Amino acid sequence: MKIVHFIIFLGFSFISQAQNEEIIESFSAEVYNESVLINFRINSGYTCNGIDVLHSSDSVNFSPVNTFEGICGSTTESIAYEYTHANPVKNIKNYYRLYLGGTGFSWVINVLVIDLTNSSLIKPNPLLSTSELIFENNTITDHQLVISNMYGQIVFSETTNGSSFLLSRNDFVQGVYLYSIIDKEKGNRITGRLMVQ
């Protein structure tokens, strides 16, 4: 008996998701001035009782960040909606989905919001084949990357006037490394940790 209930529940879930894919014509998120601009469009012929924009930083636990109240959508034309999430979590993926009042949830989308003010980001980290080490360099000055092993020995050094370094797995043995990015004009330093597998 429990198996029958489980199968019925899964069937209902798949039907609900398919119906919502018909209702939503488009759903996107993009970074704009350290905020996230969310755009979506409801197909003509569909309405719902309010729309909640939900946000998550782990793709599992969602909380509402905005509500479009009242009857949403239209029986005669597709309707576009826009919302700007002013406080996304920086330097990780932000996940969004819609709750269509009375009809269920949309699919999940995500966007990476990067804020590199006095910091850096390695993606992916740990380094498996190649990774990009990104930092802010608005003044286009020379920056030196120095990577040391845990014994303080320098194992890699490179200079760029861009805003990233490309790292290759072939240049390292497995382990943990410390890095510094040094602004050669001002002497400012950004530090971090690199994992190599």
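FYI, it's all coordinate maths here, none of it is from the lab. This structure is a prediction, so every number in the text was calculated from the model and none was measured. Glycine gets a Cβ as well: all are built from the backbone with ideal geometry, and neighbour counts include every protein chain shown.
A few notes on this one:
- Identified option (computed Cα extents along the principal axes in Å; candidates (i) 46, 39, 32; (ii) 65, 47, 22; (iii) 50, 48, 24): (ii)
- In the chain, the DSSP-assigned H stretches of four residues or longer account for a calculated mean residue ellipticity at 222 nm of -4000 deg cm²/dmol, using -39500 (n - 2.57) per stretch and the full residue count as denominator.
- Rounded to 5, percent antiparallel among DSSP beta bridges of the stretch 120-196: 95 percent
- Phi angles across the stretch 32-45 convert, under the Karplus curve 6.51 cos²θ - 1.76 cosθ + 1.60 with θ = phi - 60°, into 3J(HN,Hα) values of 9, 6, 6, 10, 10, 8, 10, 10, 8, 9, 9, 4, 5, x Hz, Gly and Pro given as x.
- When the charge dipole of the chain is built from unit charges on Cβ atoms (+1 for Lys and Arg, -1 for Asp and Glu) and taken about the Cα centre, the candidate among S119, S28, G70 whose Cα reaches farthest toward its positive end is S119.
- Among L178, L166, L54, L133, sorting on how many other beta-carbon atoms sit within 10 Å of each Cβ, with the fewest leading, yields L166, L178, L54, L133.
- Amide H contacts under 5 Å for L194: Y177, L178, Y179, restricted to partners 5 or more places along the chain or on a different chain, H placed in the peptide plane at 1.01 Å from N.
- Prolate/oblate/rounded label for the stretch 120-196 (Cα gyration tensor, a/c 1.5): prolate
- Order of H55, H85 under a 10 Å beta carbon neighbour criterion, fewest first: H85, H55
- Placing unit charges on the Cβ atoms only, positive for Lys and Arg and negative for Asp and Glu, gives the chain a dipole magnitude near 640 debye about its Cα centre.
- Positive-end residue, the chain charge dipole about Cα centroid, Cβ charges, pick of F105, P88, I182: I182
- Sequence-ordered 3J(HN,Hα) estimates for the stretch 128-144 from the Karplus curve with 6.51, -1.76 and 1.60 and θ = phi - 60° stand at 10, 9, 9, 9, 10, 9, 10, 8, 8, 9, 5, 8, 6, 9, 5, 10, 10 Hz, glycine and proline given as x.
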